Amino acid sequence: MDIAKELADALAATPASSVEGVAAKLHAVLREGEWCENCPEFPWPQVRSALIDLIRIGRLDSFPEF
């Protein structure tokens, strides 16, 4: 668990340089932080919505589904 936290901290501290990078950061947050799939509680719907927007804006067709 310590390694996962260290990696999450490093990801958060690394500035994204593209839409894909921001999307990857949000995807990582969703994968690690959401306590249930498609959790309806704040902030998970809002984070998913932002990720969907980034994927649409960046036309990231190859981005993994969440």
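Only helices at least 20 Å long along their own axis, judged from Cα atoms, and with Kyte-Doolittle mean hydropathy of -0.5 or greater: name those in the chain from DSSP H.
What comes out of the filter, once short or polar helices are dropped, is 19-33, 44-58.
Where in segment 29-62 does the amide nitrogen come within less than 14 Å of the point 7 Å from the Cα of Leu11, taken along Cα to Cβ?
Inside the label zone: 29-35, 48, 51.
Hey, in the GNM for the chain with a 10 angstrom Cα cutoff, which one of Leu30, Leu51, Leu11 fluctuates hardest?
Looking only at Leu30, Leu51, Leu11, the biggest GNM fluctuation is shown by Leu11.
May I ask you to derive the relative contact order of the chain, considering only C-alpha pairs under 8 Å and at least 6 residues apart, and to give it as an integer percent?
It rounds to 34 percent for the chain.
How high is the FRET efficiency between Ile52 and Ile3 when r is their beta carbon distance and R₀ equals 30 Å, given to the nearest 0.05?
0.55
Where a number appears in this text, it was derived from the coordinates with a stated rule and is not lab data. What you see is a predicted model; the values in this text were computed from it and never measured. Neighbour counts are summed over all protein chains in view; Cβ atoms, including those assigned to glycine, are modelled from backbone coordinates with ideal geometry.
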